[in-house]
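Right, one structure below, let's go through it.
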Amino acid sequence: MNRMREWLAGGPLITDGAWGTQLQALGLPLGAMPDTWNLEQPQHVESVARAYVEAGSQVILTNTFRANRVTLTDSNLEDLVEPLNRAGVSISRRVAGRKALVFASMGPTGKMLMTGEVEPDAVTHAFAEQARVLAANGADALLLETFSDLEEAKLALQGARQTGLPVIVSFAFDSGKNLDRTMMGSTPELIAAEMETAGAAAVGANCGAGIERFLPVCQRLKAACALPVWIKANAGLPEVKEGSVVYNTSAGFFAGHYSALAAAGASFLGGCCGTNPDFIRALVAARSAACA
């Protein structure tokens, strides 16, 4: 927590934008696992990281969202847990240098605990294993992102915290009539309280909806705990046009929400699916204007 306070001493930090949709723009096929490009196309992964650092990101992620053993096993890639995570951190660390922090991305397993599709011990082990590799190769912090199952998030947090690094846990609030609950029905208040008790260094929301939906979620997370809040919204909801996935939110509209989210208590602000370096440049400009 001391490191987190030090990082946030100057106010909200601007993080990066999307990785998956940026890699798709560079040729990653729809449905393919982006993480494998850490080994197969490292120059493209590096170009995404570099574009965000050059746009002004103070925190960049790693291309390791799906690189846990449970998820990789579905594609017979379980032997690549260590090389994929090692390469992912190394790429972001090399680009970030001293200009940005590197928070390593860890996504959910994609399995349902409540149906017995995966055992709790297997979840904790998978995240502990992935976290060890990420920590050993230079991550400044770990980010558990796009979770919808509170129980899985707690198991993942338990595994990731074994490294001693700060662990942020971010959820997708994309369900309910107001898009203010996770797919499993958890509210921001429940999430915030449970994550604080479980030892998360910060809690947040990402993906699932456009930025206009994130203000009330941010306010509710902040009111329910004393943790910093992580916010990474999509560039609106995707639409399929002529066979391509399109996000219609502009960088200007997105960045126009900076002041309200910062006032609501967001400590980290960036973009998720459909955002790109233009969105980060716009957020940086909005931050500068607010500090002037």
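The values are calculated or read from the model by the stated rules, or taken from the named source; none is laboratory data. Because the structure is a prediction, the values reported are computed rather than measured. Positions of Cβ are backbone-derived with ideal geometry, glycine not excepted, and every protein chain shown enters the neighbour counts.
Scoring F254 on the criteria (1) part of a loop (DSSP other than H, G, I, E, B); (2) crowded, with 22+ Cβ neighbours inside 10 Å leaves a single failure, condition (1). Residue pairs whose Cβ atoms lie under 8 Å apart, separated by 6 or more positions or on different chains, with the first residue in the stretch 163-178 and closer than 17 Å to A139 by Cα and of a type in the set (S, T, Y) and the second modelled with pLDDT of 95 or more and surrounded by fewer than 24 Cβ atoms within 10 Å (Cβ to Cβ), are T163/R132; T163/A135.
Among the residues of the stretch 94-146, those identified as more than 16 Å from the chain's Cα centre (by Cα) and within 19 Å of L77 (Cβ to Cβ) are K111, E117, V118, A122, V123, H125, A126, A128, E129, R132, V133, N137.
Here is a yes/no grid of residues against (1) of a type outside the set (V, I, T); (2) out of contact with any Gly (no Cβ under 6 Å at 6 or more places or on another chain):
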residue	(1), (2)
R93	yes, no
V102	no, yes
P108	yes, yes
M112	yes, yes
L155	yes, yes
T163	no, yes
E189	yes, yes
A200	yes, yes
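Scanning the stretch 1-15 for residues that are in contact (Cβ under 8 Å) with a residue 12 or more places away in the chain and assigned to a helix (DSSP H, G or I) yields a count of 3. Of all the residues in the stretch 180-192, those that are under 21 Å from M114 (Cα atoms) and in contact with a helix residue (DSSP H, G or I) (Cβ under 8 Å, 6 or more places away or on another chain) number 7. Within the stretch 116-165, being out of contact with any Pro (no Cβ under 9 Å at 6 or more places or on another chain) and either of a type in the set (G, A, S) or modelled with pLDDT under 95 (or both) holds for G116, A122, A126, A128, A131, A135, A136, G138, A139, G159, A160, G164. In the stretch 117-153, of all residues being in contact with a helix residue (DSSP H, G or I) (Cβ under 6 Å, 6 or more places away or on another chain) and in a strand (DSSP E or B), the one that is farthest from P228 (Cα to Cα) corresponds to F147.
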